[in-house]
Amino acid sequence: MGLLVGVLVGLTGVGGAALLTPILVLIGINPSVAVATDLFYNSITKLFGSIQHIRQKTIDMQLVKYLAIGSVPSALTAIMLLHFYEPLHQHQESVIKHALGIVLVLVAVATIVKQFYDRLGSNRWQDKPISEKKLLTIGIGCVLGFVVGMTSIGSGSLFALAMIYLYRMSSATLVGTDILHAFLLVSAAGAVHAFFGNIDYMLAFNLLIGSIPGVLAGSSLSAKVPAKPLRTAMAFIILISGIKLI
């Protein structure tokens, strides 16, 4: 599974969580364990990407800061609610499973929209300085951070779509900013899950053993394989998985 997901991520750039978490749930892994393990797995993979982008100086640190101010507390709130708010805790597995399905549908739609975004042109939000969008940025962090805390999905794809639409930056800076923010978010959420004992470390390391060479292989093949049709096909697979979980 790790190898397959790694190759697909390397080929298309579509988020690993959107592929991996539903597979784990559909093959019978407890939804809480699947979400927690994926957050831990994601944290390790995002760490290496973050280091590389910090070296390249392709990160908008101010944007990372505003997003994290909203997203990190919001993700932790989602996890705490699942554990300590009794009506949610009693139906925790069902809540996570249905939330996963809904978010997967959103991720699939976001992935498809990104394929055609170049044709939509710029908008007035992109031209405003980030200082004028501080509260909006923190608000986006809050909403999407809650989603990530509940499902482990969207730390890359949903935030990337928001950044594409609202902020004007180069592709390299977009990717770097997205990866560093995602690292901070999934690491914080993963740490709380670790405290509650939800992470299957052996499963995570087995997935990493497959996915690291998979990402390298997929990245090297990406120049030879047309990414857009493959990305769109994967979006429809993710959409079907989401509908199945709902």
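For region 51-56, putting each phi into the Karplus relation 6.51 cos²θ - 1.76 cosθ + 1.60 with θ = phi - 60° gives couplings of 4, 5, 6, 5, 4, 7 Hz, in residue order, rounded to whole numbers and with x for Gly and Pro.
Label sites at Leu221 and Gln52, each approximated as a point 7 angstrom past Cα along Cα to Cβ, lie 1.8 nm apart.
Of the three principal axes defined by the Cα atoms of region 1-64, the extents in descending order read 41, 25, 16 Å. Whole-percent P(r), the chain, all Cα pairs, 10 Å bins from 0: 8, 32, 39, 18, 3, 0. If Rh is defined by the Kirkwood formula over all Cα pairs and Rg also comes from Cα, what ratio Rg/Rh do you get for region 30-135? Dividing the radius of gyration by the Kirkwood radius yields 1.03.
Electrostatic bookkeeping for Leu26 treats Lys and Arg as +1 and Asp and Glu as -1; over the other residues with beta carbon under 11 Å from its beta carbon, the sum is +2. Centre-to-centre, using Cα atoms only, region 1-61 and region 147-226 are separated by 4 Å. Here, P(r) means the percent of Cα pairs in each 10 Å bin from 0 to the largest distance; for region 154-246 it is 12, 27, 46, 14, 0.
Computed from the coordinates by the stated procedures, all read-outs in this text should not be read as laboratory data. Bear in mind that the values here come from a model prediction, so they are computed numbers and not experimental data. When we count neighbours, we look across all protein chains shown, and the Cβ atoms used for this are built from the backbone with ideal geometry, even at glycine.
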